[in-house]
Amino acid sequence: MEIVSTQINHAQNGLIIKMPLGSSLVKLNKTFIEDKDRFIDVNIEDIPIMYCEDGSICCIPKEEEVFSLAIVGASGFGKSLALNRIHSHLFYQWKTNVCLMNDISEESFKWSEPMKFRAFKEFNRLYLNQEPCPSPIVYVYPNTNTLDLDLDFLRDKNYIKTVMPFADIIEDIGFYLSGINPEFDVGKSGMYINDLKDSLSECDTAMQVREILTEELPGREGKNFRAMRIKILTAFDSLFKEEILDITNPECHAYIRLNNAPLKNPFITLMKAGVIPSFITSDLSTKKYKSQIFACHINSIFQNHNKEFPGEKTFLLFDELRTVCETDNDPAAKAIGQVAARGRIMNVGLVYATQFYDKIPNCVKGPKLNYLMAFNHNNSKILNEIGSDFDLNKRVKERIKKLKKYECFAMTKNKFIFYRDGERWEDSQPVKGRIFYPVANHQTVGKK
Ligand SMILES: Nc1ncnc2c1ncn2[C@@H]1O[C@H](COP(=O)(O)OP(=O)(O)O)[C@@H](O)[C@H]1O
Ligand SMILES: [Mg+2]
């Protein structure tokens with residue numbers, strides 16, 4: 001699969017932010033005061049996340065290093081909206097690579113269009129003089145035997161189907177087979193497959209793989225090794241039936257190519273093409289082996305980052321993180337843990353949203369976070385955990401329980417930047433505000 005050009009027009013000037021000259025002026029009727037008298041062009045490099053109770057604009061500071069941010073809260077209060085807003089700023093304002101690594105509810109389907117909802121547009125316009133702006137998104141579908149694409153809907157979208165590279169999978173076959181079914185954990189007998197690695201990795205079809213296995217595995221005759229042989233053959237058959245490999249689906253290639261450059265992981269290639277990949281995982285999330293597939297892509301982006309994107313920064317964004325890693329030890333948790341632990345050195349940042357701060361792996365929270373945005377939450381276990389991670393007092397925890405839709409408490413171990421009436425200052429205290437809405441459109445949950 002080859003990308004020659006990306007058919008997407010990037011918004012010309014990115015996001016222009018204008019600061020209200022006086023917080024009381026912005027609300028005046030437009031017939032009394034023109035925009036030029038109401039806003040000043042300040043070069044805000046920081047990312048405005050919310051409008052605070054005191055009329056100031058709270059921002060994540062632009063710094064040399066990437067950051068890690070968690071967006072936490074009960075369902076329906078604005079986590080995904082905040083993620084949507086932040087992705088546009090990273091992409092347009094900071095010009096980093098952005099990769100949406102888990103869209104389980106297909107909410108990013110609309111992010112390739114400018115925000116249409118009037119109330120959201122007006123709020124952003126009023127306080128930042130900021131206009132709607134679509135994102136150049138390419139939807140990435142992991143192929144499986146149950147993937148059902150709504151081709152009508154996708155007609156005017158950019159998308160690709162991906163599979164996993166068999167030659168790479170064979171390198172770590174035990175890992176994938178046990179993902180298909182824990183019973184296929186081939187354990188020590190994996191060494192028989194390892195002996196065949198070289199010839200297996202050259203196969204182009206599932207048929208060829210079966211031939212090699214049938215020929216070469218011990219246990220063809222007699223009772224010795226017979227059970228092991230059957231187990232391996234069955235495990236491979238099951239793996240092929242999932243249709244997640246390039247040799248089981250010749251129409252879709254594991255790697256894509258950009259302008260004749262060598263073949264690369266699809267996420268890397270798409271980011272190099274200047275677009276934002278969005279991994280649509282509604283189908284994948286029902287599979288036992290999802291963690292392996294997430295891990296494979298995350299590791300590939302992370303390990304190749306500085307070679308593929310020298311001097312650049314990349315942010316990996318995950319909505320509903322709990323659906324990516326369910327335990328501390330699953331492969332995806334380890335992969336994301338690497339990003340959380342070493343991302344700053346590798347220039348890979350991490351932004352995720354979750355309803356279940358108490359249940360996500362320890363390796364991505366607490367000391368690993370620079371910022372946290374807490375939306376309404378009533379779960380005391382979660383509030384206590386956030387409270388101890390960010391040194392919150394009892395009063396703030398109580399106030400988080402009472403937050404309304406779109407309101408949040410932002411907290412940091414670093415600092416926030418504030419703007420008001422032409423002034424700029426820094427502060428590190430937890431602060432309450434109302435989020436700025438996304439500039440890219442947003443899927444209202446449950447609707448296409
Ligand atoms: N495009 C939109 N237009 C209007 N309202 C929206 C839109 N997208 C989301 N919303 C509303 O914003 C609220 C917060 O949504 P969301 O950020 O998806 O919540 P969550 O915290 O569950 O991720 C929802 O109640 C939803 O109705
Ligand atoms: Mg959400």
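Return a yes/no flag: does region 297-320 have any residue that is in a loop (DSSP other than H, G, I, E, B) and without any contact (Cβ under 8 Å) to a residue 40 or more places away in the chain.
Narrowing region 297-320 to residues in a loop (DSSP other than H, G, I, E, B): 309-313, 319-320.
Applying the additional criterion that residues be without any contact (Cβ under 8 Å) to a residue 40 or more places away in the chain yields 310-311.
Yes: one or more hits.
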Total residues in region 31-88, condition within 16 Å of ligand 1 (Cβ to nearest atom) and outside any strand (DSSP E or B): 16
Residue pairs meeting the criteria (Cβ under 8 Å; at least 6 apart or on separate chains; first in the same structural domain as Lys359 (by TED's automatic domain parsing) and in a loop (DSSP other than H, G, I, E, B), in region 374-401; second crowded, with 20+ Cβ neighbours inside 10 Å and of a type in the set (S, T, N, Q)): Phe390/Thr412
Those residues of region 260-280 which are out of contact with any helix residue (DSSP H, G or I) (no Cβ under 7 Å at 6 or more places or on another chain) and within 23 Å of Asp148 (Cβ to Cβ), in sequence order: Pro266, Leu270, Phe279, Ile280
Residue tally, condition loosely packed, with under 14 Cβ neighbours inside 10 Å, in contact (Cβ under 8 Å) with a residue 60 or more places away in the chain and either touching a Ser or Thr at 6+ places or on another chain (Cβ under 7 Å) or outside any loop (DSSP other than H, G, I, E, B) (or both), over region 137-181: 1
Residue check, Ser88 out of contact with any Leu (no Cβ under 8 Å at 6 or more places or on another chain) and buried (at least 23 other Cβ atoms within 10 Å of the Cβ): no
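Return yes or no: is Val98 assigned to a loop (DSSP other than H, G, I, E, B), in the same structural domain as His297 (by TED's automatic domain parsing), within 19 Å of the chain's Cα centre (by Cα) and among the β-branched types (Val, Ile, Thr)?
Working: assigned to a loop (DSSP other than H, G, I, E, B): no; in the same structural domain as His297 (by TED's automatic domain parsing): yes; within 19 Å of the chain's Cα centre (by Cα): yes; among the β-branched types (Val, Ile, Thr): yes.
No.
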Asp328, sole failed condition from (1) assigned to a loop (DSSP other than H, G, I, E, B); (2) in contact with a Gly (Cβ under 9 Å, 6 or more places away or on another chain); (3) within 16 Å of ligand 1 (Cβ to nearest atom): (3)
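The values are calculated or read from the model by the stated rules, or taken from the named source; none is laboratory data. No experiment lies behind these values; they were computed from the predicted model shown. Note: ideal-geometry Cβ built from the backbone for every residue, glycine included; neighbour counts use all protein chains shown.
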